[in-house]
Amino acid sequence: MADILEKTNLTFEKLGVSSADQILQLFAQLQEQFDKENRDFSAVGVRNLEHSEALRLSWLGRKSGVLTRVADNWLKPATPTFKRTLGEEFNKLKKHVDSTLEEILKSPSADSEGPSIDLSLPGVVLPLGTEHLVHQTYEELFRIFGSIGFSVVEGPEIETAYYNFEALNIPEHHPARDNMDTFYIENAPGYLLRTHTSPMQARTMEKQQPPVRIVVPGKVYRRDNPDATHSFMFHQLEGLAVDTDITFCDFKGTIEYFAKEFFGPQTRVRLRPSYFPFTEPSAEFDASCHVCGGAGCRTCKQSGWIEMFGAGMVNPAVYGFVNYDAKRYSGFAFGLGVDRLAMLKYGIDDLQQFFKNDVRFLRQFP
Amino acid sequence: MKILYDWLKEFADITAPAAELPSRLSMAGVSIDSVEESAAGPVLDAEITINRPDLLAHAGVAREVAALYRVNLKPIQTKVKESSDAAAKVARVEIEAPDLCARYTARIIRGVKIQPSPEWLRQRLEALGQSSINNVVDVTNYVMLELGQPLHAFDLDKLSERRIVVRRAKPGETMRTLDGIERKLSKDMCLICDARAPVAIGGVMGGAESEISFSTRNLLIESAWFDPISVRRTSKTLGLRTEASLRFERGADIEAAAFASLRAAELIQQLAGGEALAGVVDVYPHPQSLCKIELSRKELLRVMGADVPDREVDEILAALGFAPVRVDVNRGSAGSLAAVWACTAPSWRGDVTREIDLIEEVARLYGYDKFPARLPPAKQPAARLPHAYEEARLRERLVALGYEEIVAIPLVDPERDAIFRPADTTAAVIGNPLSEDASVMRTSGATSMVSALEWNLNHGQKNVRLFEFGKVYEVRDGKPAETRTLSLGATGLAREQSIHQSAREFSFADLKGDVDQILTLAGGARWEPARMPWLASGFAAQLSLSPNGHLVIGAAGRLARSVAQRFKLRQDAYLAELRLEPLLEAIARHSAALRYEPLPRFPAVERDFSLVLSDGTTFAKIEDVVRALDIPELRRIEAVDLFRGGQIPAGKYSLLLRVTFQSETATLTESQLTDFSARIASALGEKLGTSLRA
């Protein structure tokens, strides 16, 4: 039987084919050969994909497939007398081979060879790292404040007393300094670790005329003994907007926008009068508790409100330090605790976690 | 400050229940933390901002409540029976330091009987957290809590010559205060002295010698005004904070001094009997004039952005004691934009001196919630930090490589930091650290990185890869300097065991690969052997950026085992520290210079060379030799396999080198490839003495 395959290597001339009947016979033998090979594969039980691929190669392969040889050796040199019959037979066989191969792949077992995959087993995982929650929170704040025109600027952590206190209307011996117990640098006299990011207010306004609209990220330091809500280093974002037409209403709108963006659109806000030397009027900014929605819970100590940060209209005295005309310009400033915001948002009850850098903490915020 | 609700009602027609006050007061700037019941009625725990010393008194809080509810204040009346003898005949007061003490009044009461206070007084004081001492001392405290003016009662008979001299302390002077502690005094401290010696530290605490005892018969009641800065400095220096110093350092009401002691005299007469001498010895050399301030609607609108009705402005300012008077030409017409109110700041409101202060008063009592919120239009595009984009790319790449970002506190242990400190660097030292292990600013990111690895290893986290964007700090010529830095740290397994693959230790090659992946953003890096005390020798590299090769940007390597042992790290750790600014600049430059290269149209061909090399022959040398041949079709040189031992003699190693060729213009022919291979083989043999294995 296999010599039918040999015959495809020879031309009709050499095979001595002289009638249409002979042609029909040759093609019948070819189809029989193909069907046999197909059956043999099935009997061996190879996977469907291999089975169809093997048949495809030996019959349709571009270099030495049986049908390729038929086309080259029989079809091409054929005399006009046989051309028609040959063509019809060739197409018939080709169609048979194609449809058989298709059938093999269509069979229900074609895509599920072997035992099926246990989907509950893990895949191959390339470990990914994480960005620190403080950084993630900063990014969100930059996005929120960037969307309403606040540029990001940075300043030094080792500051002078002038920028950290005096230029913010906190002269030496001002009781407000009690709330900001300060680390001093021994071998750089006159320098301290900034207690807030507010020094960038004066530093920015010294260099730039209004309009000013900035946020200032960075580390700040206070000489507080560490506990669940205190750390001698934490992160702030200072905000400052100064222009000819900035009012208390703009201040309210800005921080309300922030609160709704950060905690969700259902957030309500309120301002309580307060005191800071560098703002006037000053306010403590509260947001409705995002946990209970204002009904009262553990997070908000049953008050329905959460204290967010201090803020207010820039005290005109501050403009005196940067040669702004206080009669012409007005503005607002705020200083929010970034770690605290993250603690509130994610229900973290221990500030120290942020700086221990235990990977089990870090990986909770992918 | 604790406030008794019932006491408040003595000063104003308050009808609102105690439970309602916290929320109303909070929204006007007096934060109430809690309301608790006591024997003397409900107690409100108020947080008083430091600008409002007048609220450290019941009368002051009552005024605030009255203004809030628009109810009347009740006048405070005192009835004192004075004897015909004048106080001035009995006692003398001299102020030698008027800059520290602007007013001193002394009232004399003779023939008192010191005894325990009656129940009502004890209850009130105790409800406010004060312990009861005796009737006279309790009265001075009571009046302070009532009116805000600290008083001090001296035993008149213990004051030498019945004289009060207010002066600065002399060098080396000491005195024993009421609490029994011998205090070292220094100049600039304000002392109250008798003819002989100090009897009190002005505004802070009385002395033990002249203290009221059960045998005291005659009293001198001091009611004075001390300079806030001086009191604050003194109390800080002595570490002695008292109810009196708290009030004086925030600014007491100088006009209230005489009245407060009159009120005390009234109560003392009621509770301890005795005879109040006529008048008060009052030394007040430069009476202060009250501050006149105008509030205009124009300015109110400019700052607040929304209006407050005339009637509200009038009522609020009047209720707070500012005696507003409309002085503009349009007075009489409501809501005039030209409206101006002339005000006089009462003596108890030293915090109000400017128009903005009045605006705040009006706004907070009118209610911050009544001002509408709106967003100001932005006039400029919002800018990110310089190189924020480059930093984000670095960060995302580190995260993709499996590194977790950490944030460390830069205050570190000086001994630890010294291990990683670059030569010729002086750390910024904290003069007043909280603890020794947080007393310098770190000079290297590695200080924190190793601590973070240590923490994780000690908490069962053995496979850790970390990075930090931070700063290092130093002092140069007495000035601080901060430099941004990127630190990497890794230890444990690079790949953990799973059903798909086996575990693999993190190695130097992992560090190198990771660092190279990052530095590709900047065009790649050169690794050169380096010596660093904290990195293992032979496993330490200095990194410079490839394009110019001279810009050293950091170091990388394996933590020296001696250092690892100090930190009790029981596994190898790998570290890298890169200067961030030059790196970010290089990334920006490199990205800006990126240009498209057409994809090759002709196939690439690989040829492998199996080399046997002497130890010490670096891959870089091999690369150099091959590249020196200047074969334009050379595309890539890779080390595919490396091994030692087996058939390879000692001192040698075998390297499988793979070289890729590709032409831009044609498919390479077999003869070209044979020629390339031959040239490479002979060059390697000639230059490096390499033998080619079959």
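Remarks
- Label-point separation in nm, B:Arg561 to A:Lys14, each point 7 Å along Cα→Cβ: 7.4
- Solvent-free Debye scattering, log10 I(q)/I(0), computed from the Cα coordinates of the range B:2-69 at q = 0.13 Å⁻¹: -0.29
- Theoretical FRET efficiency, 1/(1+(r/R0)^6), r = Cβ-Cβ of B:Asp314 and B:Trp455, R0 45 Å, to 0.05: 0.10
- q = 0.13, 0.15, 0.27, 0.28 Å⁻¹, the range B:291-363: log10 I(q)/I(0) [Debye, one scatterer per Cα]: -0.31, -0.41, -1.38, -1.47
- Label zone (B:Gln517, point 7 Å along Cα-to-C-beta; backbone nitrogen cut-off 17 Å) within the range B:561-589: B:574-577.
- Helical contribution to [θ] at 222 nm, DSSP H n ≥ 4, -39,500 (n - 2.57), averaged over chain A, rounded to 500: -12000 deg cm²/dmol
- For the protein assembly as shown, the direction-averaged projected area of the alpha-carbon convex hull comes to 64.3 nm².
- Those lysines that a straight Cα-Cα span of less than 18 Å connects to B:Lys621, excepting residues fewer than 8 apart in one chain: B:Lys652, B:Lys687
- Angle between chain B longest axis and helix B:355-366 axis [Cα atoms, degrees, rounded to 10]: 90
- With Cα atoms, 0 to 90° folded angle of helix B:388-400 axis to chain B main axis: 60
- Computed from the C-beta positions of B:Lys298 and B:Ala16 and an R0 of 25 Å, the FRET efficiency is 0.10 to the nearest 0.05.
- Cysteines, chain A, no other Cys beta-carbon under 4.7 Å: A:Cys249
- Cross-link partners of B:Lys479 among lysines, defined as those whose alpha carbon lies under 18 angstrom from its own and excluding same-chain residues fewer than eight positions apart: B:Lys471.
- Potential extension, B:Arg644-B:Ser671 segment - 0.36 nm per residue separation minus Cα distance: 6.4 nm
- Estimated inter-spin distance, A:Leu24 and B:Leu599, nm [label 7 Å along Cα→Cβ]: 5.2
- Modelled FRET efficiency - R0 45 Å, B:Asp630 with B:Thr426, Cβ distances, 0.05 increments: 0.35
- Distance histogram for chain B (every C-alpha pair counted, 20 angstrom bins, percent rounded to whole numbers): 13, 28, 23, 19, 12, 4, 0
- Loop-exposed GluC sites (Glu not before Pro) per DSSP, neighbour cap 13 Cβ within 10 angstrom, longest uninterrupted part of chain B: B:97-663
- Partner chain coverage, peptide A:246-257 - average Cβ within 10 angstrom: 6
- Pairwise label distance in nanometres, B:Lys187 with A:Lys95, each label 7 Å out on the Cα-Cβ vector: 12.1
- 14 Å reach of a label modelled at A:Arg143, 7 Å along Cα-to-Cβ, counting backbone N of the range A:332-366: A:366
- Eligible lysines near A:Lys207 by straight Cα distance, threshold 21 Å, same-chain separation 8 or greater: A:Lys327, B:Lys379
- For the residue pairs B:Lys187/B:Lys236; A:Lys252/B:Lys298; A:Lys7/A:Lys63; A:Lys63/A:Lys92; B:Lys462/B:Lys512, the alpha carbons lie no more than 23 Å apart in every case.
- Potential lengthening of the chain between B:Ser84 and B:Arg217 amounts to 46.0 nm, from the contour at 0.36 nm per residue minus the alpha-carbon distance.
- Using the rule -39500 (n - 2.57) for each DSSP H run of four or more residues, divided by the residues of chain B, the 222 nm mean residue ellipticity is -9000 deg cm²/dmol.
- Residue pairs, from the table B:Lys2/B:Lys74; A:Lys301/B:Lys74; A:Lys219/B:Lys184; B:Lys89/B:Lys184; A:Lys260/B:Lys2, whose Cα atoms sit over 29 Å apart: A:Lys301/B:Lys74; A:Lys219/B:Lys184; B:Lys89/B:Lys184; A:Lys260/B:Lys2
- Placing a label point 7 Å from the Cα of B:Thr237 along the Cα-to-Cβ line, the residues of the range B:178-202 whose backbone N sits under 12 Å from it are B:184-191, B:202.
- Nearest-ten-degree value, helix B:508-519 long axis tilted from longest Cα axis of chain B: 70
- Over 25 Å [Cα-Cα, chain A], rounded percent: 68
Rule-based calculations on the coordinates, nothing more; no lab input. Computed from a prediction, not measured in an experiment: that's the story for all the values here. Note that each Cβ is placed from the backbone with ideal geometry, even for glycine, and that neighbours are counted across all protein chains shown.
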